[in-house]
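The values are calculated or read from the model by the stated rules, or taken from the named source; none is laboratory data. Remember, it's a predicted structure, so these values are computed and weren't measured experimentally. Cβ: placed from backbone, ideal geometry, glycine included. Neighbour counts: every protein chain shown. Side chains are part of the model used for accessible areas, which takes the heavy atoms of the whole protein and leaves out ligands, DNA and RNA. Shrake-Rupley method; radii C 1.70, N 1.55, O 1.52, S 1.80 Å.
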Amino acid sequence: MKKKWTTIVMAMILVFLYFGLVVHAESITDGHRSKPILLASTSTIEHEHYEDWELVWNDEFEGTGDNLNANGIDLDKWSFQNGTGAAYGLDGWGNDEQQSYQEQNAKVEDGKLIISAKKERTHGKPYSSAKLYTKPTYSKTYGKFEARMKLPEGDGLWPAFWMMPTDDVYGGWANSGELDIMEAKGRLIDEVGGTIHYGGNWPNNVYSHGSYHFEEGDDITNYHIYSVEWEPGEIRWYVDGELYHTENNWYSLGENNSDFPAPFNQDFHMILNLAVGGTFDGYRLPDDTELPAQMEVDYVRVYELTGRDYLHPSMKATVTTNVDTTQGNPNNILDGDLQTRWSSGTPMEPGQSLTIDLKNETYFNQLVLDAAASANDYARGYEVYASNDRDNWGDPIASGTGNRSKITVDFPVQTARYIKIVQTSHHQNWWSIAEVGINHAVDVDEPGTDDPGKDGPGPEDPGTEDPGPDDPGTEDPGTEDPETEDPTEDPEEDPGTEDPGTENPETEEPGTEDPETQNPETEKPETQNPETKDPVQKDDQNKEEESKGDKQSGNDQKQEEGLPNTATSTYNLIFIGLVVILFGGIVYMNHKRKIKTN
């Protein structure tokens, strides 16, 4: 009887031990503590979305390292850009921002980086904040860049995670580009956006933008993972692993052979900052009760694509046709100019076609046939084929009958080098096309509509002339007076200072301007300096324009990280082991008892 009760007690102890260990495991993996500490040189995230990506750089903000400042920030990974922008001729960082950056407004605490915006007069500005960047320490071309962050709510607050070119290979902003991974308006907590700036020097710059809307009950004040996957010829934006925007059409008017995919084919560095006021949100300012405001960063991670080759863009694609009466060069349909076109010259016959050679395997799921003229100037019936060898075309990937001068054709994602568009019906009018867009689109609209999610170039960024690349090493973070700050430092780094539509790439502060609503041709950027990157004209774009690239996210997709709970798994193994030992002991005791009985 005694042995029986001993066995029951042991079993109960194991059960309570198991549940205690599970509760402990869940507690230490809750919230920002759920992150595993990964070794950049050896680890690969075990998650379906990361299976092709290997971690190559990271900061988990644990306050460890050999070169920490007084607030625990690793100066082997980050540097600071301080001041008001006046040292670069960009007071207010080109966007009339109201903060002065200083090192003491950033600290590492409880496993996260905290950037605080405070109401305190500093160097002539009513607010203080902080701006960190990796230009002196780390830059990269292509890859996956992500940060897990919790953002503040409040009028005029502008948190941003963005990238700027390290060497400005193609010239000043925006010849050399700007990539905004995430920027948000504290006033509009249910959405964030991603933007690229490109084209020519301000004011001949343009931008493309997409926005993401959270589901009801969720917003930027919760932790979310914001990331981009940057490949040659394509950039994709994600929130919590959910793709919401894709860009694969840009250009640079700069120097040094700036063919596509320039300017996004050079080293860029990362920037984190929290701006206050300025043009990005219509000169709004936070209420005193909303300050100090904090931008919390759980981690920043960078990955290299190792599971497959980078997908190459359709560089210098060429077009051929089997139509004998052709008028105009078939390559005109890919030159980006709606004023040039190709025409069949006579009514199209079934079987006549255009074949596009992308030169490399490219992935796409949408074609846009734009006649840029009357509804009579396009083929009524069409079939679309894809091939990698130009001989084996298989079944059509799409077909239909157009009824507008701009036809959008959507189909499952294809990976191919050749695309053939075939006329399938007789029609009295000839086939005339100004442009064909080959896209990897998200949230495509119905055929016949514009390419969804692809904002046209917004108003030019009114940024000022690029003050020159910032030299992070020349400025003493935290102690430097922005007014006396070394002008050799690259002001572009301040995403809060540059308006995506008007911002100056060098001081660039992402988010000041809503790229979606801006029309570069009609909107005049006046004050933004690309380096201060504070989109001056982003004022009210967020509401209607940003919806083009929006995508609602499901609650089930808003998990903290999607990473395995390794602590719980370990305790499961320990429990199983203890159970095996317990029953082994019971069997042994029973066996010993039988021997004594015999």
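Determine whether the range 94-102 contains at least one residue that is more than 23 Å from Leu285 (Cα to Cα) and either open to solvent by less than 10 Å² (accessible area, probe 1.4 Å) or among the hydroxyl-bearing types (Ser, Thr, Tyr) (or both). No - not one qualifying residue is present in the range 94-102. Mind listing just one residue for me: the one in the range 76-108 that is over 24 Å from the mean Cα position of the chain (by Cα) and free of Cβ contacts under 8 Å to residues at least 40 places away in the same chain and, of those, nearest to Leu274 (Cα to Cα)? Result: Asn105. On inspection, Gly217 fails the criterion of being more than 16 Å from the chain's Cα centre (by Cα), at pLDDT 95 or above and surrounded by 24 or more Cβ atoms within 10 Å (Cβ to Cβ).
Scanning the range 375-385 for residues that are open to solvent by 20 Å² or more (accessible area, probe 1.4 Å) and at pLDDT 85 or above, which turns out nearest to the chain's Cα centre (by Cα)? Here the residue is Tyr385. When we screen Tyr244, Tyr226 for residues that are crowded, with 23+ Cβ neighbours inside 10 Å, closer than 16 Å to Lys150 by Cβ, out of contact with any Leu (no Cβ under 9 Å at 6 or more places or on another chain) and not acidic (Asp, Glu), the only hit is Tyr226. Among the candidates Lys150, Lys112, the residue that is in contact with a Lys or Arg (Cβ under 9 Å, 6 or more places away or on another chain), basic (Lys, Arg), under 30 Å from Asp218 (Cα atoms) and open to solvent by 40 Å² or more (accessible area, probe 1.4 Å) is uniquely Lys150.
Matching residues to (1) without any contact (Cβ under 8 Å) to a residue 24 or more places away in the chain; (2) β-branched (Val, Ile, Thr); (3) open to solvent by less than 10 Å² (accessible area, probe 1.4 Å):
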position: Gly171; (1), (2), (3): no, no, no
position: Ala174; (1), (2), (3): no, no, yes
position: Gly177; (1), (2), (3): no, no, yes
position: Glu183; (1), (2), (3): no, no, yes
position: Gly186; (1), (2), (3): no, no, yes
position: Gly193; (1), (2), (3): no, no, yes
position: Ile196; (1), (2), (3): no, yes, yes
position: Asn201; (1), (2), (3): no, no, no
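Number of residues in the range 168-191 that are over 17 Å from Gln81 (Cβ atoms), of a type outside the set (Lys, Arg) and in a loop (DSSP other than H, G, I, E, B) equals 13.
For the range 310-349, the candidate set comprises residues that are over 18 Å from Ala434 (Cβ atoms) and free of Cβ contacts under 8 Å to residues at least 24 places away in the same chain; within that set, the residue that is most open to solvent (accessible area, probe 1.4 Å) is Asp324.
Take the residues in the range 52-71 that are charged (D, E, K, R), open to solvent by 50 Å² or more (accessible area, probe 1.4 Å) and closer than 29 Å to Trp230 by Cα; name whichever of them is farthest from the chain's Cα centre (by Cα).
Filtering the range 52-71 for residues charged (D, E, K, R) gives 52, 54, 59-60, 62, 66.
Narrowing further to those that are open to solvent by 50 Å² or more (accessible area, probe 1.4 Å): 54, 62, 66.
Cutting the leftovers down to closer than 29 Å to Trp230 by Cα gives us 54, 62.
Details: Glu54: 18, Glu62: 25 Å.
So the residue we want is Glu62.
For the range 248-270, does any single residue satisfy the condition of being at pLDDT below 95, under 17 Å from Trp162 (Cα atoms) and part of a strand (DSSP E or B)? No, the range 248-270 has no match at all. Would you check which residues across the range 350-363 are part of a loop (DSSP other than H, G, I, E, B) and either exposed (fewer than 15 other Cβ atoms within 10 Å of the Cβ) or within 29 Å of the chain's Cα centre (by Cα) (or both) and list them? Within the range 350-363, Pro350, Gly351 meet the criteria.
Every residue, every condition in (1) surrounded by fewer than 18 Cβ atoms within 10 Å (Cβ to Cβ); (2) within 21 Å of Asn360 (Cα to Cα), yes or no:
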position	(1), (2)
Asn388	yes, yes
Asp391	yes, yes
Pro396	yes, yes
Thr401	yes, no
Ser405	no, no
Val409	no, no
Pro412	yes, yes
Thr415	yes, yes
Val422	no, no
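Among the residues of the range 117-128, is there at least one that is open to solvent by less than 10 Å² (accessible area, probe 1.4 Å) and either without any contact (Cβ under 8 Å) to a residue 12 or more places away in the chain or under 30 Å from Asn204 (Cα atoms) (or both)? No: zero hits. Would you call Ala106 among the aliphatic types (A, V, I, L, M), over 19 Å from Tyr303 (Cα atoms), buried (at least 19 other Cβ atoms within 10 Å of the Cβ) and at pLDDT 95 or above? Yes. Checked against the criterion of being modelled with pLDDT under 95 and either assigned to a helix (DSSP H, G or I) or surrounded by fewer than 23 Cβ atoms within 10 Å (Cβ to Cβ) (or both), the range 272-280 contains one or more residues that satisfy it. How many residues, within the range 203-213, are open to solvent by less than 10 Å² (accessible area, probe 1.4 Å) and not hydroxyl-bearing (Ser, Thr, Tyr)? Number satisfying all stated conditions: 3.
In this structure, is Ile235 of a type in the set (A, V, I, L, M), at pLDDT below 95, surrounded by 20 or more Cβ atoms within 10 Å (Cβ to Cβ) and not in a loop (DSSP other than H, G, I, E, B)?
Against the criterion (of a type in the set (A, V, I, L, M), at pLDDT below 95, surrounded by 20 or more Cβ atoms within 10 Å (Cβ to Cβ) and not in a loop (DSSP other than H, G, I, E, B)), Ile235 qualifies.
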